[in-house]
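Reading through the structure tokens given below for one structure.
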Amino acid sequence: MAPTRSVLIALARARVPALIVLLACAAAARPSAQSPEVSRLLAGIKAADTDLLAVSQEDGRFLRTMVIAANAQQALEIGGANGYSAIWIGLGLRETGGHLTSIEYDPGRAKIEADNIRKAGLADIVRVVPGDAFKKIPTVPGTFDFVFLDAWKRDYKRFYDMVFPRLRAHGLFLAHNVVNKQSEMRDFLAAIQNSPDAVSSIVTPSGEGMSVTVKLARP
Ligand SMILES: C[S@@+](CC[C@H](N)C(=O)[O-])C[C@H]1O[C@@H](n2cnc3c(N)ncnc32)[C@H](O)[C@@H]1O
């Protein structure tokens, strides 16, 4: 955030060393990775999220980072809700030139998600598919190199079994809430940790927990 003129004057009056003031100015001049409009949109989605469905801002940043690091091209999201995580993934895909299919069961949420994607200027990158992902995934053509799972937790293992065969070698499968809701997905956690065809790690950017599973290349 930019320090205002009055803040800088106050710093100078308080005899804060010039180097610190210069560093504050440099930080202010650094461009953000997303526009102020998209930052405001993301904050608005969070503010309206009374059901607390959306991932945290830090988990969103983590998703964007992973998309770019993996150079993801064909991404799939299961459980899009109002589009908060889809926007973070879409921001990463804008960098890589990839595309996201985001599936949301609730028709009202899917409509809000599509509106939010349009407001974020990501309609050419993110396609929102309303409906039950168990039925919709088989209709999405091709393979995936980035999957984000954030639907109901007891369904995680079934979704993993359904999607993992369609994940490319070295593709990423990420799942949310693997720390704070681990009791609801023990079968999924056992599957990713014991799979001979994948390696997994669990990180906690904000406490809820994100599993990151990489599919190994096998002949
Ligand atoms: C925790 S919220 C997702 C939050 C979203 N990923 C975000 O961070 O903005 C879970 C969503 O998954 C959706 N969902 C649950 N089961 C689903 C299914 N079988 N197919 C598609 N969506 C599903 C719910 O309707 C709900 O909106």
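Coordinate-derived values only; no laboratory data. These numbers come from a predicted model, not from an experiment. Note that each Cβ is placed from the backbone with ideal geometry, even for glycine, and that neighbours are counted across all protein chains shown.
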| field | J(HN,Hα) series, segment 205-217, from Karplus relation 6.51 cos²θ - 1.76 cosθ + 1.60, nearest Hz, glycine and proline x | value | x, 9, x, 7, x, 9, 8, 10, 10, 10, 6, 7, 7
| query | Which value in nm describes the separation of the simple spin-label points at THR139 and THR204, placed 7 Å from the Cα toward the beta carbon? | reply | 4.0 nm
| request: Report, by chain and number, residues whose modeled amide H sits under 5 Å from the one on PHE146, excluding near sequence neighbours (fewer than 5 apart, same chain). | output: GLN74, LEU76, LEU172
| query | Does a label point 7 Å from the Cα of ASN194, set along Cα-to-beta-carbon, have any residues of segment 139-159 with amide nitrogen under 16 Å, and which are they? | reply | 157-158
| field | Solvent-free Debye scattering, log10 I(q)/I(0), computed from the Cα coordinates of the chain at q = 0.08, 0.09, 0.10 Å⁻¹ | value | -0.33, -0.40, -0.48
| From the backbone phi of segment 116-130, what are the Karplus-calculated ³J(HN,Hα) couplings (6.51 cos²θ - 1.76 cosθ + 1.60, θ = phi - 60°) in whole Hz, Gly and Pro given as x? | 5, 4, 5, 4, 7, x, 10, 5, 7, 10, 10, 10, 8, 10, x
| Cross-link reach list, lysines versus LYS153, counting only Cα pairs under 24 Å and skipping chain neighbours closer than eight places | LYS46, LYS111, LYS135, LYS136, LYS181, LYS215
| said: For a quick check: with amide H placed at 1.01 Å from N, whose amide H comes under 5 Å from VAL129's, ignoring anything fewer than 5 positions away on the same chain? | reply: SER102, ILE103, GLU104
| query | Using a basic spin-label model with each label point 7 Å from the Cα along Cα→Cβ, how many nm lie between ASP106 and VAL214? | reply | 3.6 nm
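Can you tally the net charge around ALA217? Count Lys and Arg as +1, Asp and Glu as -1, for every other residue whose Cβ sits under 14 Å from the Cβ of ALA217.
Values: positive: ARG168, LYS215, ARG218; negative: ASP145, ASP197.
Overall, the nearby charge balance is +1.
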